[in-house]
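In what follows, a structure is listed as structure tokens, so that the remarks can point back to it.
The values are calculated or read from the model by the stated rules, or taken from the named source; none is laboratory data. All values reported here derive from a predicted model rather than from experimental measurement. Methodologically, a virtual Cβ is constructed for each residue, glycine included, from the backbone with ideal geometry; neighbour enumeration extends over all protein chains shown. Accessible surface areas use protein heavy atoms only, side chains included; no ligands, DNA or RNA. Shrake-Rupley method; radii C 1.70, N 1.55, O 1.52, S 1.80 Å.
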Amino acid sequence: MKTAKLCLILTLTLLLCLLSPDTDSFWPGVVSLCVGDADGDGLDDMLLLTGGGCLEEAGLRYADMLLLCDMPKAGQAPVVRTSLDLTRLRPLKIQLGDIDGDGRLEIALCVYKETTFDPQPAMRPFFYRWEDGDLAPVWRGSRLARPFDDYRLADLDGDGRAELVSVEALADGGRLICVYRWRDFGFEWVAESNALPAPLTFETSGRSVNRKPFVIVRNGNARRYTVRLENNELTIR
């Protein structure tokens, strides 16, 4: 069952990535996609960020619409249940993860915008829940400890709550891998790596044969790093 679901997701991802931004028969180009029970009804949903444009100064592609779809049957296109205009947020990426361990998945949007306390546009980690057909804010952070390139939600310590794992920039051009954990009303810093060479990109996450959670990041084509968190200590090999 899991294999069939994975094949369906991979097929749809490939199909959507091949669509031209000018394709009228489906949707404008898909910027990011994730699958999970976003609305808490016990059934998986497909969430897509579509449309938008390019931030030339940052070299980033952003979306202007969020589509919540029923999971399609094999060979069929997803059925859009709700669409939201997110133009003002300029979202770059969407993920799902249970950050507080209550059994409901939060929606993580990486957005590119200014905030009340930081008027300079930058990437921000915003978190929501799906309630009554709309996004209900959980946490809209101005920043992490440093400017970041990307982040991934992953339960690194196996406690049933997803940590926020980020790739953050140092002043000298190097990078750090940092881990944050949800605490009541925001994320607290847990651990960070030593300096690593740039660029770093997330590759995958999962569990090893001994059930220990991990995240893998890649330094271009040079090296892959396996990241683990045990007793609040970050290990990278």
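Numbers at a glance
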| item | result |
| --- | --- |
| Enumeration of residues in the range 35-44 that are touching a residue at least 60 places away in the same chain (Cβ under 8 Å) and either farther than 18 Å from Cys110 by Cβ or over 14 Å from the mean Cα position of the chain (by Cα) (or both) | Asp37, Asp39, Gly40 |
| Check on Val209, outside any strand (DSSP E or B) and either modelled with pLDDT under 85 or touching a Gly at 6+ places or on another chain (Cβ under 9 Å) (or both) | yes |
| Matching residues in the range 65-109 - criterion: being in a strand (DSSP E or B), acidic (Asp, Glu) and surrounded by fewer than 20 Cβ atoms within 10 Å (Cβ to Cβ) | Asp70, Asp85 |
| Test for Leu55: is it in contact with a Phe, Trp or Tyr (Cβ under 8 Å, 6 or more places away or on another chain) and at pLDDT below 95 | yes |
| Matching residues in the range 155-171 - criterion: being touching a Pro at 6+ places or on another chain (Cβ under 8 Å) and open to solvent by 30 Å² or more (accessible area, probe 1.4 Å) | Asp155, Asp157, Gly158 |
| The range 172-193 - residue that is over 22 Å from Glu106 (Cβ atoms) and touching a residue at least 24 places away in the same chain (Cβ under 8 Å) and, of those, surrounded by the most Cβ atoms within 10 Å (Cβ to Cβ) | Arg175 |
